[in-house]
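The values are calculated or read from the model by the stated rules, or taken from the named source; none is laboratory data. Please read these numbers as outputs of a predicted model, since none were measured by experiment. Heads up, the Cβs are rebuilt from the backbone with ideal geometry, glycines too, and the neighbour counts pull from every protein chain shown. All accessible areas refer to the heavy atoms of the entire protein, side chains included, with ligands and DNA or RNA removed. Shrake-Rupley method; radii C 1.70, N 1.55, O 1.52, S 1.80 Å.
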Amino acid sequence: MTDDPVRLDVSDGAARIELNRPDKYNALNDALVARLSDALETVERDPDVRCVVLSSAGDAFCAGGDIDRMRRRRKREVTPPQMRREVIFQVRDTVEHLFSLEKPVIVEVEGFAMGAGANLALAGDLVFAATDATFGQSFSNVGMSVDFGGSFLLPQLVGLHKAKELVFSAEPISGAEAAEMGLINDAVPAAELDELVEEWVADLSTAPTEALVLAKQNLNDGAVVDFSTALRNESTTQGLLRATHDHREGVDAFFEDRDPEFEGE
């Protein structure tokens, strides 16, 4: 559907999810969040999907929350309280689902990634941007506090004081600056971005998916658990993976001096 706020395409082991409100700079409204949630559910259930790419149509990755929706809320032209709570919960659940999705997630950022749009991008596992992309924690510009997981993600990525600087100042930074401070993985000229992402897609869509998923869970948990718990999680994970096809294939390939052919299970 051309008017679908989120497009989904699955091919060759990769799911490509595209935010598709280019005329609104892919701002987050109820319909887009609902469709993004549906897309994440679909790719998580699909055994043929080995990795996910989240990108956008048009000149911006995501401008953040829809300002028109904020204005209607200010004028009290909004839905009843129960429905508002349901929307808030869906927003919360959607970004949490992206962060914990049981598939590796690559995020490709061109143009603006502002406020909630920036933190939506940071919830991915690998984040690549054009050098001239723009990231901004712009919440205070509209009298709001950080959301979409930024209060957790930013300190983990750049440290507490730098996170506060980004949020308090609301000053935008370029993709190149974001990469330099460790906010994202890498930034390249826009003309090279697709190629970089596709190199990672090729790697991840033929990788031992179950091993990567469990490693992702342990790394995400490692930010909030103590050392002993992290060790126990690792031991549990290793025990589970010893029974997988991909572990056996990896060991066999090593002794047979060949490249492994992982099936993702």
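Of note:
- Value at 222 nm in deg cm²/dmol, rounded to 500, when DSSP H runs of n ≥ 4 in the chain each add -39,500 (n - 2.57): -15500 deg cm²/dmol
- Debye log10 I(q)/I(0) for the chain, one point scatterer per Cα, at q = 0.12, 0.15, 0.16 Å⁻¹: -0.76, -1.15, -1.28
- Segment 176-265: C-alpha gyration tensor shape, a/c 1.5 cut-off, then a/b vs b/c: oblate
- Packing order of peptides 178-186, 244-252, highest average first: 178-186, 244-252 (average count of other Cβ atoms within 10 Å over each peptide's residues).
- Relative contact order of the chain, defined on C-alpha pairs under 8 angstrom at six or more residues apart (%): 16 percent
- The fraction of accessible area contributed by carbon and sulfur in the chain is 52 percent, rounded to a whole number (1.4 Å probe; ligands and nucleic acids excluded).
- Percent antiparallel among DSSP beta bridges (both partners in the chain, rounded to 5): 25 percent
- Rounded, prolate or oblate (a/c below 1.5 giving rounded, otherwise prolate when a/b exceeds b/c) for segment 89-242 by Cα gyration tensor: oblate
- Sequence ranges 218-229, 131-142, ranked by mean other-Cβ count within 10 angstrom, highest first: 131-142, 218-229
- The distance from the alpha carbon centre of segment 33-54 to that of segment 102-172 is 21 Å, rounded to a whole number.
- For the chain: accessible area per residue (Å², 1.4 Å): 54 Å²
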